[in-house]
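Each remark here refers to the structure printed beneath this line.
The values are calculated or read from the model by the stated rules, or taken from the named source; none is laboratory data. Source: prediction; values computed, not measured. Cβ coordinates were reconstructed from backbone atoms using ideal geometry, including for glycine residues, and neighbour counts include every protein chain displayed.
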Amino acid sequence: MRTGLTSVAVAVVLAAVAGAPVTIAPPVTPVEPPGTATTVAASAPLDAASVLADAVGGLRDPADEAADLAVGAVLEHELAGLGADVSVAVMDVESGAELVAGRTVVEAASTVKVDIVATLLLGQDGRPPRQQRALAREAIEVSGNEATDALLALAGRDDVNAFLSRVGAVDTRLETSEWGRAETTATDRLRVLQATLGPDSLLDEQDQRMLRRLMRDVTEEQRIGVDAAADDPASALLKAGYLPDADSDRWYVSSMGEVVRDGRTYLVAVVSAGNEGLEDGTDRIEKAAVLAVDAVASLAATGERSEGGSG
């Protein structure tokens with residue numbers, strides 16, 4: 001069941017656009033277990049007049065900037081209410097609008113398998129050989145670790161890092177052969193999605209079609225996270241990743257992919273740290289994915305109403 005943004009979000013956006021002061025009360029900060037990542041939450045009051053003044057001279061309408069910031073603040077407030085550390089990054093493919101909430105740093109776990117497969121595809125001249133296609137299918141669809149090891153050996157860790165730099169995933173680096181322990185963020189996961197599944201994908205049509213098929217056909221036990229935000233979860237493209245923190249009994253649980261809601265397509269990345277276990281983390285990131293898509297959808301709806309009323 002969708003939870004959605006609360007009615008506070010609507011009031012905040014309307015107040016921001018109208019020029020009234022907007023204050024988001026800081027959420028109750030949960031006690032962080034040792035060894036978990038830290039999220040920077042937007043707990044300071046937002047003054048819409050200041051937001052509008054800062055936006056003057058920019059490329060976008062100041063009211064749009066104010067609405068973005070207000071909705072982003074509300075989203076961070078909602079995420080903090082989920083407990084643990086959760087961050088999201090989402091893009092409305094049709095409009096190009098992006099929204100990022102939180103700065104949680106996590107271990108990438110199996111989400112980085114998308115990066116490795118994409119690097120291999122970009123390094124190929126033409127269709128990959130059958131054996132490499134089989135390895136990619138095993139790595140993505142059933143999240144096979146041995147297949148991923150083989151793909152990384154073929155692609156090369158330096159080339160994966162070069163791909164990450166190229167797409168702007170500046171906080172993600174594979175430092176060792178333990179690819180799952182590479183640190184990443186929701187923003188970096190979104191950058192990888194944009195470079196593979198997005199309208200400006202670096203992949204050619206054939207390779208993008210292959211990756212889309214793999215991410216659509218992941219096994220049922222691997223379908224966790226962002227598909228909760230889709231009208232038809234079974235049609236969502238995704239790659240999840242999860243593993244325990246090496247220094248504590250807490251878990252990293254993350255998910256990234258593409259979903260369709262009300263006829264619009266969204267790229268969504270959710271990362272989390274400090275979860276009590278996989279089940280706990282799964283429930284949390286699924287709720288976060290719904291909140292994130294709701295937030296960007298509310299911005300699109302506000303913009304369309306504004307355009308419709310300006311004629």
task: Go through the residues of segment 192-200 one by one and say whether even a single one is farther than 15 Å from D115 by Cβ and either in contact with a Leu (Cβ under 8 Å, 6 or more places away or on another chain) or of a type outside the set (F, W, Y) (or both).
output: yes
field: Selection status of A162, out of contact with any Pro (no Cβ under 9 Å at 6 or more places or on another chain), crowded, with 18+ Cβ neighbours inside 10 Å and modelled with pLDDT of 95 or more
entry: no
- prompt: Would you pick out the residues in segment 177-222 that are among the charged types (D, E, K, R), surrounded by fewer than 19 Cβ atoms within 10 Å (Cβ to Cβ) and closer than 23 Å to V253 by Cβ?
  reply: E178, R181, E183, R216, D217, E220, E221
- line: Checked against (1) farther than 19 Å from T148 by Cβ; (2) in contact (Cβ under 8 Å) with a residue 12 or more places away in the chain, A246 satisfies every condition except (1)
- prompt: Is there a residue in segment 232-240 that is crowded, with 16+ Cβ neighbours inside 10 Å and among the polar types (S, T, N, Q)?
  reply: no
query: Which one of these does V100 not meet: (1) among the β-branched types (V, I, T); (2) more than 23 Å from D171 (Cα to Cα); (3) modelled with pLDDT of 80 or more?
result: (2)
query: Can D125 be described as more than 24 Å from L243 (Cα to Cα) and touching a Gly at 6+ places or on another chain (Cβ under 8 Å)?
result: no
- line: Going through segment 255-286 in order, the residues found to be under 14 Å from L79 (Cβ atoms) and either in contact with a Leu (Cβ under 8 Å, 6 or more places away or on another chain) or touching a residue at least 12 places away in the same chain (Cβ under 8 Å) (or both) are V268, A269, V270, V271, S272, A273, G274, N275, G281, R284, I285, E286
